[in-house]
1. Mind giving me the nanometre distance, one decimal, between the label points for residue B:113 and residue A:151, set 7 Å out from Cα along Cα→Cβ?
2. Run the quick spin-label model on residue B:286 and residue B:106: label points 7 Å from Cα toward the beta carbon, then report their separation in nm to one decimal.
3. Accessible area drop of at least 50 Å² (1.4 Å probe, protein heavy atoms): which residues of the stretch A:107-130 qualify, relative to the chain alone?
4. Give me the net charge for the shell around residue B:261: Cβ to Cβ below 15 angstrom, other residues only, Lys and Arg +1, Asp and Glu -1.
5. Show that you can apply the helix-only estimate: for the protein assembly as shown, add -39,500 (n - 2.57) for every DSSP H stretch of four or more residues, divide by all residues, and state [θ] at 222 nm to the nearest 500.
6. Farthest toward the dipole's positive end in the protein assembly as shown, which of B:8, B:158, A:234, given Cβ charges of +1 (Lys, Arg) and -1 (Asp, Glu) about the Cα centre?
7. In a Gaussian network model over chain B where Cα atoms closer than 10 Å are linked, find which of B:279, B:149, B:209 has the largest mean-square fluctuation.
8. Can you tell me which of A:111, A:24, A:38 moves the most in a GNM of chain A? Springs connect C-alpha atoms under 10 Å apart.
Amino acid sequence: MNSNNQNGSQNSAVIEVTDLKVRYGDKSALNGVSFDVYQNEILGIIGPVQSGKTTLLKVINRTLEFTPNTTVEGSVKLNGEDISTISDVYGLRRRIGMVQPLPVGLPLSIYDNVAFAPRTAGIRSKSELDEIVERCLQQAALWEEVKDRLKALGTKLSGGQQQRLTIARALSHQPDILCLDEFSIAVDPVTTMRIEEVLKTLRTKMTILLVTNLVQQAKRLANRTAFFLNGDLIEIDTTDVIFSENPSEQATYDYVNGAFG
Amino acid sequence: MFTETEISKHKRWTENVMRIFFLVMTSLMILPLLLIIGYLIYKALPVLSLEFLFTNPKDNMRAGGLWAPFLGTIYLVVVSLLVSAPIGVFAAVYLNEYARESWFTRITNLAVVNLAGVPSIVHALFGVGAFVLFAGLGESILAASLTLAIMTLPVIIASTTEALKAVPMSFREACWNLGATRWQTIRRIVIPNSISGILTGVILQVSRAAGETAPIMFTGAVFYKAIAEGDLLAYNITEQCMALSLHLFTISTQVPDVTEGIPYGTAVVLVGSVLLVNATSIVLRVYLRTRKKW
Ligand SMILES: Nc1ncnc2c1ncn2[C@@H]1O[C@H](COP(=O)(O)OP(=O)(O)OP(=O)(O)O)[C@@H](O)[C@H]1O
Ligand SMILES: [Mg+2]
(Lines give C-alpha, C1' and ligand atoms only; values in the text may rest on other atoms or scores of the structure.)
(Ligands and ions follow the chains in the order given, each with its own letter.)
Protein backbone atom coordinates (compact mmCIF):
# COMPACT_ATOMS: atom_id res chain seq x y z
CA MET A 1 0.00 0.00 0.00
CA ASN A 2 3.03 2.31 0.08
CA SER A 3 2.77 5.17 -2.41
CA ASN A 4 6.23 4.37 -3.74
CA ASN A 5 4.97 0.95 -4.65
CA GLN A 6 4.70 1.36 -8.43
CA ASN A 7 2.58 -1.66 -9.28
CA GLY A 8 -0.05 -0.81 -6.66
CA SER A 9 -0.77 2.56 -8.14
CA GLN A 10 -1.11 1.55 -11.75
CA ASN A 11 -4.72 0.73 -12.41
CA SER A 12 -6.35 1.57 -9.11
CA ALA A 13 -5.21 5.23 -9.02
CA VAL A 14 -8.21 7.53 -9.34
CA ILE A 15 -6.20 10.70 -8.95
CA GLU A 16 -2.57 11.02 -9.97
CA VAL A 17 -0.85 14.20 -8.88
CA THR A 18 2.53 14.80 -10.48
CA ASP A 19 4.94 17.55 -9.45
CA LEU A 20 2.11 19.96 -8.67
CA LYS A 21 3.25 23.53 -8.06
CA VAL A 22 0.80 26.30 -7.18
CA ARG A 23 1.54 29.97 -6.68
CA TYR A 24 -0.65 32.86 -5.56
CA GLY A 25 1.14 35.77 -7.22
CA ASP A 26 4.78 35.24 -6.18
CA LYS A 27 3.83 33.25 -3.09
CA SER A 28 4.21 29.51 -3.40
CA ALA A 29 1.45 27.41 -1.81
CA LEU A 30 2.44 23.97 -3.14
CA ASN A 31 6.07 23.38 -4.09
CA GLY A 32 5.90 20.33 -6.32
CA VAL A 33 3.95 17.48 -4.76
CA SER A 34 3.35 14.03 -6.25
CA PHE A 35 1.08 11.28 -4.99
CA ASP A 36 -1.75 8.98 -6.06
CA VAL A 37 -5.17 8.47 -4.60
CA TYR A 38 -6.58 4.96 -4.92
CA GLN A 39 -10.06 3.77 -5.71
CA ASN A 40 -12.38 3.58 -2.68
CA GLU A 41 -9.84 4.64 -0.11
CA ILE A 42 -10.11 7.40 2.42
CA LEU A 43 -6.95 9.46 2.07
CA GLY A 44 -6.41 11.56 5.18
CA ILE A 45 -4.61 14.85 4.57
CA ILE A 46 -3.12 16.44 7.65
CA GLY A 47 -0.84 19.37 8.23
CA PRO A 48 -0.68 22.62 10.16
CA VAL A 49 -2.30 25.84 8.96
CA GLN A 50 -1.15 27.30 5.62
CA SER A 51 0.35 24.03 4.47
CA GLY A 52 -1.55 24.03 1.17
CA LYS A 53 -4.33 21.52 1.92
CA THR A 54 -7.23 23.71 0.78
CA THR A 55 -5.24 24.82 -2.26
CA LEU A 56 -4.79 21.18 -3.25
CA LEU A 57 -8.54 20.54 -3.16
CA LYS A 58 -9.22 23.69 -5.18
CA VAL A 59 -6.79 22.52 -7.85
CA ILE A 60 -8.52 19.17 -8.10
CA ASN A 61 -11.98 20.61 -8.84
CA ARG A 62 -10.49 23.58 -10.70
CA THR A 63 -12.19 26.21 -8.57
CA LEU A 64 -8.78 27.77 -8.00
CA GLU A 65 -9.48 29.36 -11.39
CA PHE A 66 -11.82 31.79 -9.63
CA THR A 67 -8.91 33.21 -7.63
CA PRO A 68 -7.02 35.78 -9.70
CA ASN A 69 -3.25 35.62 -10.21
CA THR A 70 -2.77 31.94 -9.54
CA THR A 71 -0.40 29.73 -11.50
CA VAL A 72 -0.58 25.96 -11.55
CA GLU A 73 2.21 23.74 -12.91
CA GLY A 74 2.52 19.98 -13.03
CA SER A 75 -0.38 17.70 -13.68
CA VAL A 76 -3.42 16.25 -11.97
CA LYS A 77 -5.01 13.27 -13.67
CA LEU A 78 -8.49 12.05 -12.91
CA ASN A 79 -9.02 8.47 -14.07
CA GLY A 80 -6.03 8.96 -16.35
CA GLU A 81 -7.30 12.20 -17.90
CA ASP A 82 -5.38 15.43 -17.31
CA ILE A 83 -7.91 17.77 -15.70
CA SER A 84 -6.42 20.88 -17.31
CA THR A 85 -7.44 19.55 -20.74
CA ILE A 86 -11.05 18.79 -19.74
CA SER A 87 -13.27 21.23 -21.62
CA ASP A 88 -16.45 20.61 -19.61
CA VAL A 89 -15.15 22.07 -16.37
CA TYR A 90 -18.68 22.11 -14.86
CA GLY A 91 -19.02 18.40 -15.51
CA LEU A 92 -15.60 17.89 -13.91
CA ARG A 93 -16.72 19.74 -10.79
CA ARG A 94 -19.78 17.55 -10.56
CA ARG A 95 -17.58 14.46 -10.58
CA ILE A 96 -16.14 15.77 -7.31
CA GLY A 97 -18.16 16.52 -4.20
CA MET A 98 -16.72 19.38 -2.13
CA VAL A 99 -17.45 20.13 1.51
CA GLN A 100 -16.03 23.36 2.85
CA PRO A 101 -14.81 24.05 6.39
CA LEU A 102 -17.68 26.30 7.43
CA PRO A 103 -21.14 24.96 6.65
CA VAL A 104 -22.69 26.99 3.83
CA GLY A 105 -26.41 26.49 3.49
CA LEU A 106 -27.42 28.29 0.33
CA PRO A 107 -30.27 30.78 0.92
CA LEU A 108 -32.75 28.30 -0.52
CA SER A 109 -35.04 25.66 0.96
CA ILE A 110 -33.52 22.40 2.19
CA TYR A 111 -35.00 20.68 -0.85
CA ASP A 112 -33.64 23.29 -3.27
CA ASN A 113 -30.20 23.13 -1.66
CA VAL A 114 -29.90 19.45 -2.49
CA ALA A 115 -31.65 19.80 -5.87
CA PHE A 116 -29.39 22.71 -6.89
CA ALA A 117 -26.66 20.73 -8.64
CA PRO A 118 -29.01 18.26 -10.39
CA ARG A 119 -31.05 21.21 -11.64
CA THR A 120 -28.03 23.10 -12.93
CA ALA A 121 -27.06 19.87 -14.68
CA GLY A 122 -30.43 19.92 -16.40
CA ILE A 123 -32.58 17.45 -14.42
CA ARG A 124 -36.16 18.78 -14.38
CA SER A 125 -38.34 15.78 -13.51
CA LYS A 126 -39.97 16.22 -10.11
CA SER A 127 -39.93 12.54 -9.24
CA GLU A 128 -36.28 12.22 -10.15
CA LEU A 129 -35.39 15.25 -8.03
CA ASP A 130 -37.49 13.95 -5.11
CA GLU A 131 -35.62 10.68 -5.30
CA ILE A 132 -32.20 12.40 -5.34
CA VAL A 133 -33.09 14.70 -2.43
CA GLU A 134 -34.30 11.85 -0.26
CA ARG A 135 -31.36 9.58 -1.09
CA CYS A 136 -28.73 12.26 -0.41
CA LEU A 137 -30.32 13.45 2.82
CA GLN A 138 -30.50 9.80 3.93
CA GLN A 139 -26.84 9.27 3.08
CA ALA A 140 -25.87 12.40 5.01
CA ALA A 141 -27.88 11.22 8.06
CA LEU A 142 -30.12 14.29 7.93
CA TRP A 143 -33.32 12.88 6.41
CA GLU A 144 -35.04 11.95 9.66
CA GLU A 145 -34.55 15.43 11.09
CA VAL A 146 -35.79 17.42 8.09
CA LYS A 147 -38.14 15.18 6.11
CA ASP A 148 -41.19 17.08 7.43
CA ARG A 149 -39.85 20.52 6.57
CA LEU A 150 -38.05 20.22 3.27
CA LYS A 151 -39.48 23.63 2.29
CA ALA A 152 -37.81 25.36 5.26
CA LEU A 153 -34.74 27.49 4.65
CA GLY A 154 -31.44 25.61 4.67
CA THR A 155 -29.73 28.61 6.24
CA LYS A 156 -31.96 28.38 9.31
CA LEU A 157 -30.69 24.90 10.28
CA SER A 158 -28.18 24.51 13.09
CA GLY A 159 -24.49 24.49 12.19
CA GLY A 160 -24.21 20.72 12.50
CA GLN A 161 -27.33 20.19 10.40
CA GLN A 162 -26.09 22.65 7.79
CA GLN A 163 -22.83 20.77 7.51
CA ARG A 164 -24.74 17.55 6.86
CA LEU A 165 -26.87 19.47 4.36
CA THR A 166 -23.62 20.49 2.65
CA ILE A 167 -22.61 16.83 2.50
CA ALA A 168 -26.00 15.86 1.07
CA ARG A 169 -25.56 18.60 -1.52
CA ALA A 170 -22.05 17.38 -2.37
CA LEU A 171 -23.49 13.90 -2.96
CA SER A 172 -26.38 15.16 -5.08
CA HIS A 173 -24.44 15.06 -8.32
CA GLN A 174 -23.23 11.51 -7.69
CA PRO A 175 -19.52 12.26 -7.49
CA ASP A 176 -16.79 9.61 -7.81
CA ILE A 177 -14.69 11.55 -5.36
CA LEU A 178 -15.70 13.32 -2.18
CA CYS A 179 -13.41 16.01 -0.79
CA LEU A 180 -13.96 17.25 2.74
CA ASP A 181 -12.03 20.27 4.00
CA GLU A 182 -11.86 20.35 7.79
CA PHE A 183 -15.57 19.61 7.95
CA SER A 184 -15.64 19.34 11.73
CA ILE A 185 -14.20 22.78 12.44
CA ALA A 186 -17.59 24.35 13.26
CA VAL A 187 -19.48 21.22 14.20
CA ASP A 188 -20.21 19.72 17.63
CA PRO A 189 -18.53 16.42 18.59
CA VAL A 190 -21.75 14.40 18.32
CA THR A 191 -22.38 15.57 14.75
CA THR A 192 -18.71 14.98 13.94
CA MET A 193 -19.11 11.36 15.02
CA ARG A 194 -22.28 10.98 12.98
CA ILE A 195 -20.57 12.37 9.89
CA GLU A 196 -17.62 10.04 10.47
CA GLU A 197 -20.05 7.11 10.44
CA VAL A 198 -21.49 8.47 7.19
CA LEU A 199 -18.00 8.56 5.65
CA LYS A 200 -17.36 4.96 6.65
CA THR A 201 -20.41 3.83 4.68
CA LEU A 202 -19.64 6.12 1.73
CA ARG A 203 -16.17 4.64 1.39
CA THR A 204 -17.59 1.60 -0.38
CA LYS A 205 -19.15 3.83 -3.08
CA MET A 206 -16.52 6.48 -3.66
CA THR A 207 -13.02 7.73 -3.04
CA ILE A 208 -12.69 10.20 -0.20
CA LEU A 209 -10.11 12.93 0.38
CA LEU A 210 -10.38 13.94 4.00
CA VAL A 211 -8.49 17.11 4.90
CA THR A 212 -8.62 17.33 8.63
CA ASN A 213 -7.36 19.50 11.43
CA LEU A 214 -7.88 16.64 13.88
CA VAL A 215 -5.09 14.14 13.43
CA GLN A 216 -7.07 11.59 15.41
CA GLN A 217 -9.83 11.82 12.80
CA ALA A 218 -7.38 10.74 10.11
CA LYS A 219 -6.25 7.92 12.39
CA ARG A 220 -9.84 6.77 12.90
CA LEU A 221 -10.93 6.92 9.26
CA ALA A 222 -8.11 7.04 6.76
CA ASN A 223 -6.56 4.06 4.97
CA ARG A 224 -3.58 6.18 4.11
CA THR A 225 -2.54 9.57 5.40
CA ALA A 226 -0.55 12.36 3.76
CA PHE A 227 1.29 14.91 5.84
CA PHE A 228 1.70 18.37 4.32
CA LEU A 229 3.93 21.10 5.69
CA ASN A 230 4.45 24.56 4.14
CA GLY A 231 3.48 23.41 0.67
CA ASP A 232 5.53 20.21 0.72
CA LEU A 233 4.26 16.68 0.94
CA ILE A 234 6.46 15.42 3.75
CA GLU A 235 5.21 11.88 3.81
CA ILE A 236 2.39 9.70 2.54
CA ASP A 237 1.89 6.18 3.81
CA THR A 238 -0.61 3.85 5.37
CA THR A 239 -2.23 5.41 8.38
CA ASP A 240 -0.72 2.69 10.59
CA VAL A 241 2.78 3.72 9.56
CA ILE A 242 2.14 7.47 9.86
CA PHE A 243 0.79 7.05 13.37
CA SER A 244 3.39 4.48 14.41
CA GLU A 245 6.49 5.10 16.50
CA ASN A 246 8.66 5.23 13.40
CA PRO A 247 7.31 7.03 10.33
CA SER A 248 10.01 7.90 7.78
CA GLU A 249 10.17 11.55 8.73
CA GLN A 250 10.80 13.03 12.14
CA ALA A 251 8.49 15.98 11.29
CA THR A 252 5.59 13.57 10.76
CA TYR A 253 6.18 12.01 14.14
CA ASP A 254 6.40 15.40 15.81
CA TYR A 255 3.21 16.70 14.19
CA VAL A 256 1.17 13.58 14.76
CA ASN A 257 2.21 13.54 18.39
CA GLY A 258 1.33 17.16 18.91
CA ALA A 259 4.81 18.64 19.05
CA PHE A 260 3.69 21.51 16.80
CA GLY A 261 0.75 22.58 14.64
CA MET B 1 -24.11 47.35 49.44
CA PHE B 2 -22.59 48.63 46.29
CA THR B 3 -21.52 52.24 46.65
CA GLU B 4 -21.00 54.31 43.58
CA THR B 5 -17.41 55.38 43.06
CA GLU B 6 -16.37 58.77 41.70
CA ILE B 7 -15.31 57.15 38.47
CA SER B 8 -18.59 55.41 37.80
CA LYS B 9 -20.52 58.59 38.67
CA HIS B 10 -18.42 60.46 36.16
CA LYS B 11 -18.97 57.75 33.54
CA ARG B 12 -22.72 57.89 34.04
CA TRP B 13 -22.68 61.68 33.74
CA THR B 14 -20.68 61.52 30.51
CA GLU B 15 -22.99 58.84 29.18
CA ASN B 16 -26.05 61.02 29.74
CA VAL B 17 -24.47 64.14 28.32
CA MET B 18 -23.40 62.31 25.18
CA ARG B 19 -26.80 60.74 24.67
CA ILE B 20 -28.53 64.12 24.93
CA PHE B 21 -25.96 65.65 22.62
CA PHE B 22 -26.64 63.07 19.93
CA LEU B 23 -30.39 63.45 20.42
CA VAL B 24 -30.14 67.22 19.93
CA MET B 25 -28.10 66.72 16.78
CA THR B 26 -30.66 64.29 15.39
CA SER B 27 -33.47 66.75 16.13
CA LEU B 28 -31.53 69.51 14.43
CA MET B 29 -31.48 67.34 11.36
CA ILE B 30 -35.18 66.44 11.39
CA LEU B 31 -36.52 69.84 12.44
CA PRO B 32 -35.69 71.79 9.27
CA LEU B 33 -37.18 69.03 7.14
CA LEU B 34 -40.46 69.13 9.07
CA LEU B 35 -40.47 72.93 9.03
CA ILE B 36 -39.89 73.07 5.29
CA ILE B 37 -42.65 70.61 4.51
CA GLY B 38 -45.06 72.21 7.00
CA TYR B 39 -44.37 75.69 5.66
CA LEU B 40 -44.77 74.61 2.05
CA ILE B 41 -48.07 72.89 2.69
CA TYR B 42 -49.37 75.83 4.71
CA LYS B 43 -48.53 78.29 1.94
CA ALA B 44 -49.84 75.98 -0.78
CA LEU B 45 -53.18 75.18 0.84
CA PRO B 46 -55.18 77.80 -1.12
CA VAL B 47 -54.28 76.24 -4.49
CA LEU B 48 -53.89 72.53 -3.66
CA SER B 49 -56.55 70.39 -5.33
CA LEU B 50 -56.79 67.58 -7.83
CA GLU B 51 -57.67 70.14 -10.46
CA PHE B 52 -54.36 71.91 -9.78
CA LEU B 53 -52.58 68.71 -10.77
CA PHE B 54 -54.63 68.05 -13.90
CA THR B 55 -54.87 71.44 -15.64
CA ASN B 56 -52.22 73.22 -17.66
CA PRO B 57 -50.69 76.49 -16.47
CA LYS B 58 -52.71 79.50 -17.75
CA ASP B 59 -52.35 83.29 -18.18
CA ASN B 60 -48.59 83.30 -18.65
CA MET B 61 -48.37 80.85 -15.73
CA ARG B 62 -50.01 83.26 -13.32
CA ALA B 63 -52.94 80.85 -12.89
CA GLY B 64 -53.97 77.29 -13.68
CA GLY B 65 -52.29 74.07 -12.65
CA LEU B 66 -49.33 71.79 -13.18
CA TRP B 67 -50.38 69.17 -15.69
CA ALA B 68 -47.78 69.87 -18.39
CA PRO B 69 -44.77 70.15 -16.06
CA PHE B 70 -45.96 67.25 -13.91
CA LEU B 71 -46.33 64.88 -16.86
CA GLY B 72 -43.06 66.19 -18.31
CA THR B 73 -41.17 65.28 -15.16
CA ILE B 74 -42.69 61.80 -15.21
CA TYR B 75 -41.58 61.37 -18.83
CA LEU B 76 -38.05 62.57 -18.10
CA VAL B 77 -37.66 60.36 -15.04
CA VAL B 78 -39.14 57.25 -16.60
CA VAL B 79 -37.23 57.50 -19.88
CA SER B 80 -33.94 58.29 -18.14
CA LEU B 81 -34.31 55.34 -15.74
CA LEU B 82 -35.32 53.03 -18.58
CA VAL B 83 -31.88 53.79 -19.97
CA SER B 84 -29.72 54.08 -16.86
CA ALA B 85 -31.19 51.29 -14.71
CA PRO B 86 -30.53 48.36 -17.05
CA ILE B 87 -27.14 49.65 -18.18
CA GLY B 88 -26.11 50.48 -14.61
CA VAL B 89 -27.29 47.20 -13.11
CA PHE B 90 -25.77 45.03 -15.84
CA ALA B 91 -22.52 46.97 -15.76
CA ALA B 92 -22.29 46.52 -12.00
CA VAL B 93 -23.01 42.79 -12.33
CA TYR B 94 -20.25 42.53 -14.92
CA LEU B 95 -17.73 44.48 -12.87
CA ASN B 96 -18.54 42.62 -9.68
CA GLU B 97 -19.23 39.08 -10.85
CA TYR B 98 -17.31 38.53 -14.07
CA ALA B 99 -14.47 41.00 -14.49
CA ARG B 100 -11.04 40.20 -13.21
CA GLU B 101 -8.82 42.91 -11.80
CA SER B 102 -7.34 44.65 -14.85
CA TRP B 103 -6.61 48.12 -16.17
CA PHE B 104 -10.09 48.13 -17.74
CA THR B 105 -11.94 47.47 -14.48
CA ARG B 106 -9.68 49.84 -12.57
CA ILE B 107 -10.38 52.68 -14.99
CA THR B 108 -14.10 51.87 -15.01
CA ASN B 109 -14.29 51.89 -11.23
CA LEU B 110 -12.34 55.13 -11.11
CA ALA B 111 -14.69 56.66 -13.67
CA VAL B 112 -17.74 55.53 -11.69
CA VAL B 113 -16.49 57.11 -8.48
CA ASN B 114 -15.52 60.35 -10.15
CA LEU B 115 -18.56 60.71 -12.40
CA ALA B 116 -20.78 60.43 -9.32
CA GLY B 117 -19.19 63.63 -8.03
CA VAL B 118 -19.40 65.71 -11.20
CA PRO B 119 -21.72 68.77 -10.82
CA SER B 120 -24.95 68.48 -12.76
CA ILE B 121 -24.23 71.58 -14.87
CA VAL B 122 -21.29 69.69 -16.35
CA HIS B 123 -23.60 66.86 -17.31
CA ALA B 124 -25.84 69.50 -18.89
CA LEU B 125 -23.01 70.78 -21.09
CA PHE B 126 -22.10 67.25 -22.06
CA GLY B 127 -25.75 66.55 -22.88
CA VAL B 128 -25.95 69.57 -25.16
CA GLY B 129 -22.80 68.57 -26.98
CA ALA B 130 -23.39 64.84 -27.21
CA PHE B 131 -27.13 64.37 -27.53
CA VAL B 132 -28.63 67.67 -28.70
CA LEU B 133 -25.95 68.58 -31.25
CA PHE B 134 -23.74 65.61 -32.09
CA ALA B 135 -26.39 62.88 -32.04
CA GLY B 136 -28.83 65.30 -33.64
CA LEU B 137 -31.64 64.65 -31.18
CA GLY B 138 -32.26 68.39 -30.82
CA GLU B 139 -33.74 69.75 -27.62
CA SER B 140 -36.11 66.93 -26.75
CA ILE B 141 -37.36 64.69 -23.99
CA LEU B 142 -35.01 62.03 -25.33
CA ALA B 143 -31.93 64.27 -25.16
CA ALA B 144 -32.84 65.52 -21.69
CA SER B 145 -33.55 62.00 -20.44
CA LEU B 146 -30.27 60.70 -21.79
CA THR B 147 -28.48 63.54 -20.01
CA LEU B 148 -30.22 62.61 -16.77
CA ALA B 149 -29.33 58.97 -17.42
CA ILE B 150 -25.65 59.84 -17.72
CA MET B 151 -25.96 61.68 -14.43
CA THR B 152 -27.67 58.83 -12.53
CA LEU B 153 -25.71 55.97 -14.09
CA PRO B 154 -22.60 56.05 -11.87
CA VAL B 155 -24.70 56.18 -8.72
CA ILE B 156 -26.77 53.23 -9.85
CA ILE B 157 -23.59 51.28 -10.60
CA ALA B 158 -22.23 52.14 -7.17
CA SER B 159 -25.41 51.21 -5.28
CA THR B 160 -25.83 47.97 -7.24
CA THR B 161 -22.23 47.05 -6.50
CA GLU B 162 -22.92 47.58 -2.79
CA ALA B 163 -25.96 45.32 -2.98
CA LEU B 164 -24.02 42.59 -4.80
CA LYS B 165 -21.12 42.75 -2.36
CA ALA B 166 -23.56 42.15 0.50
CA VAL B 167 -24.14 38.60 -0.80
CA PRO B 168 -21.49 36.46 0.93
CA MET B 169 -18.69 35.12 -1.25
CA SER B 170 -19.16 31.68 0.33
CA PHE B 171 -22.53 31.32 -1.45
CA ARG B 172 -20.84 31.82 -4.81
CA GLU B 173 -18.08 29.36 -3.95
CA ALA B 174 -20.64 26.76 -2.88
CA CYS B 175 -22.41 27.13 -6.23
CA TRP B 176 -19.18 26.84 -8.20
CA ASN B 177 -18.28 23.69 -6.28
CA LEU B 178 -21.62 22.26 -7.41
CA GLY B 179 -20.72 22.81 -11.04
CA ALA B 180 -22.82 25.94 -11.55
CA THR B 181 -21.68 28.46 -14.15
CA ARG B 182 -21.20 32.07 -13.16
CA TRP B 183 -24.50 32.92 -14.82
CA GLN B 184 -26.40 30.17 -12.96
CA THR B 185 -24.87 31.41 -9.73
CA ILE B 186 -25.89 34.99 -10.48
CA ARG B 187 -29.41 34.10 -11.56
CA ARG B 188 -30.26 31.66 -8.78
CA ILE B 189 -28.38 33.04 -5.79
CA VAL B 190 -26.78 36.46 -6.25
CA ILE B 191 -29.61 38.43 -7.89
CA PRO B 192 -32.50 37.02 -5.80
CA ASN B 193 -30.58 37.95 -2.66
CA SER B 194 -29.55 41.44 -3.71
CA ILE B 195 -32.62 42.58 -5.63
CA SER B 196 -33.99 44.68 -2.76
CA GLY B 197 -30.76 46.65 -2.50
CA ILE B 198 -30.55 47.01 -6.27
CA LEU B 199 -34.12 48.30 -6.57
CA THR B 200 -33.71 50.70 -3.65
CA GLY B 201 -30.65 52.19 -5.29
CA VAL B 202 -32.50 52.64 -8.56
CA ILE B 203 -35.59 54.15 -6.95
CA LEU B 204 -33.52 56.67 -5.02
CA GLN B 205 -32.31 58.01 -8.35
CA VAL B 206 -35.90 58.96 -9.22
CA SER B 207 -35.70 61.83 -6.78
CA ARG B 208 -32.40 62.99 -8.18
CA ALA B 209 -33.65 62.89 -11.76
CA ALA B 210 -36.88 64.66 -10.81
CA GLY B 211 -35.21 67.39 -8.79
CA GLU B 212 -32.41 68.53 -11.08
CA THR B 213 -32.90 71.64 -13.26
CA ALA B 214 -29.53 72.23 -14.86
CA PRO B 215 -29.20 69.02 -16.92
CA ILE B 216 -32.61 69.41 -18.55
CA MET B 217 -32.68 73.17 -18.98
CA PHE B 218 -30.60 73.24 -22.18
CA THR B 219 -31.40 69.75 -23.44
CA GLY B 220 -35.15 69.44 -23.59
CA ALA B 221 -37.17 71.26 -20.97
CA VAL B 222 -39.06 74.43 -21.99
CA PHE B 223 -40.61 77.26 -19.98
CA TYR B 224 -44.02 76.79 -21.47
CA LYS B 225 -45.81 74.21 -23.55
CA ALA B 226 -49.50 73.39 -23.38
CA ILE B 227 -50.52 69.74 -23.81
CA ALA B 228 -53.76 67.78 -23.82
CA GLU B 229 -55.02 67.71 -20.25
CA GLY B 230 -55.49 64.31 -18.65
CA ASP B 231 -53.83 62.49 -21.58
CA LEU B 232 -50.90 60.42 -20.33
CA LEU B 233 -49.53 60.12 -23.86
CA ALA B 234 -49.64 63.85 -24.51
CA TYR B 235 -45.88 64.18 -25.00
CA ASN B 236 -43.78 62.90 -27.86
CA ILE B 237 -40.26 62.03 -26.73
CA THR B 238 -38.71 63.68 -29.76
CA GLU B 239 -40.19 67.00 -28.66
CA GLN B 240 -39.62 69.28 -25.71
CA CYS B 241 -41.57 69.22 -22.47
CA MET B 242 -42.13 71.23 -19.33
CA ALA B 243 -40.75 69.99 -16.04
CA LEU B 244 -41.65 70.65 -12.40
CA SER B 245 -38.20 71.74 -11.30
CA LEU B 246 -37.76 74.19 -14.17
CA HIS B 247 -41.35 75.39 -13.81
CA LEU B 248 -40.79 76.16 -10.15
CA PHE B 249 -37.64 78.08 -11.03
CA THR B 250 -39.47 80.05 -13.73
CA ILE B 251 -42.53 81.07 -11.76
CA SER B 252 -40.53 81.99 -8.68
CA THR B 253 -37.95 84.14 -10.46
CA GLN B 254 -38.95 85.05 -14.01
CA VAL B 255 -42.68 85.73 -13.96
CA PRO B 256 -44.05 88.74 -12.02
CA ASP B 257 -47.36 88.69 -10.12
CA VAL B 258 -47.84 84.92 -9.83
CA THR B 259 -50.57 83.95 -7.35
CA GLU B 260 -48.63 83.24 -4.18
CA GLY B 261 -49.95 79.70 -3.72
CA ILE B 262 -48.79 78.42 -7.11
CA PRO B 263 -45.02 78.23 -6.54
CA TYR B 264 -45.64 76.65 -3.14
CA GLY B 265 -48.11 74.22 -4.66
CA THR B 266 -45.54 73.28 -7.30
CA ALA B 267 -42.96 72.70 -4.60
CA VAL B 268 -45.38 70.53 -2.62
CA VAL B 269 -46.12 68.40 -5.67
CA LEU B 270 -42.42 68.03 -6.46
CA VAL B 271 -41.40 67.20 -2.89
CA GLY B 272 -44.51 65.09 -2.37
CA SER B 273 -43.88 62.92 -5.44
CA VAL B 274 -40.26 62.41 -4.46
CA LEU B 275 -41.17 61.49 -0.88
CA LEU B 276 -43.84 59.13 -2.16
CA VAL B 277 -41.37 57.34 -4.39
CA ASN B 278 -38.79 57.17 -1.61
CA ALA B 279 -41.41 55.83 0.77
CA THR B 280 -42.19 53.09 -1.74
CA SER B 281 -38.56 52.11 -1.75
CA ILE B 282 -38.49 51.99 2.06
CA VAL B 283 -41.61 49.82 2.16
CA LEU B 284 -40.13 47.57 -0.50
CA ARG B 285 -36.89 47.31 1.44
CA VAL B 286 -38.64 46.47 4.71
CA TYR B 287 -40.83 43.92 2.98
CA LEU B 288 -37.91 42.21 1.29
CA ARG B 289 -35.88 42.28 4.49
CA THR B 290 -38.54 40.33 6.35
CA ARG B 291 -37.96 37.62 3.76
CA LYS B 292 -34.19 37.70 4.20
CA LYS B 293 -32.87 34.23 3.92
CA TRP B 294 -29.78 34.07 6.09
N1 LIG C 1 -6.60 33.51 -2.07
C2 LIG C 1 -5.31 33.48 -1.69
N3 LIG C 1 -4.50 34.49 -2.04
C4 LIG C 1 -3.20 34.49 -1.67
N5 LIG C 1 -2.61 33.51 -0.96
C6 LIG C 1 -3.37 32.48 -0.57
C7 LIG C 1 -4.76 32.40 -0.92
N8 LIG C 1 -5.27 31.26 -0.41
C9 LIG C 1 -4.23 30.66 0.23
N10 LIG C 1 -3.10 31.38 0.13
C11 LIG C 1 -1.77 31.01 0.67
O12 LIG C 1 -1.44 29.72 0.22
C13 LIG C 1 -0.87 28.96 1.26
C14 LIG C 1 -1.63 27.68 1.47
O15 LIG C 1 -2.94 28.01 1.92
P16 LIG C 1 -4.09 26.93 2.11
O17 LIG C 1 -5.33 27.67 2.40
O18 LIG C 1 -4.08 26.01 0.96
O19 LIG C 1 -3.57 26.18 3.41
P20 LIG C 1 -4.35 25.16 4.34
O21 LIG C 1 -3.41 24.04 4.54
O22 LIG C 1 -5.69 24.86 3.79
O23 LIG C 1 -4.45 25.99 5.67
P24 LIG C 1 -5.59 25.98 6.78
O25 LIG C 1 -5.34 24.80 7.63
O26 LIG C 1 -5.37 27.28 7.48
O27 LIG C 1 -6.91 25.91 6.07
C28 LIG C 1 -0.82 29.85 2.48
O29 LIG C 1 0.45 30.38 2.62
C30 LIG C 1 -1.82 30.94 2.16
O31 LIG C 1 -1.43 32.15 2.75
MG1 LIG D 1 -7.65 25.18 4.54
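The values are calculated or read from the model by the stated rules, or taken from the named source; none is laboratory data. On a predicted model such as this, the values are computed, not experimentally measured, just so you know. Cβ sites come from the backbone with ideal geometry, for glycine too, and all protein chains shown count toward neighbours. We work out accessible area using only protein heavy atoms, side chains counted, and drop any ligands, DNA or RNA first. Shrake-Rupley method; radii C 1.70, N 1.55, O 1.52, S 1.80 Å.
1. Result: 4.7 nm between the two label points.
2. 4.5 nm
3. Buried-area filter returns A:107, A:116, A:120.
4. Result for the neighbourhood of residue B:261: -1.
5. Estimated from H runs of four or more residues: -16000 deg cm²/dmol.
6. It is B:8.
7. Answer for the Gaussian network model of chain B: B:279.
8. Among A:111, A:24, A:38, the largest mean-square fluctuation in the Gaussian network model of chain A belongs to A:24.
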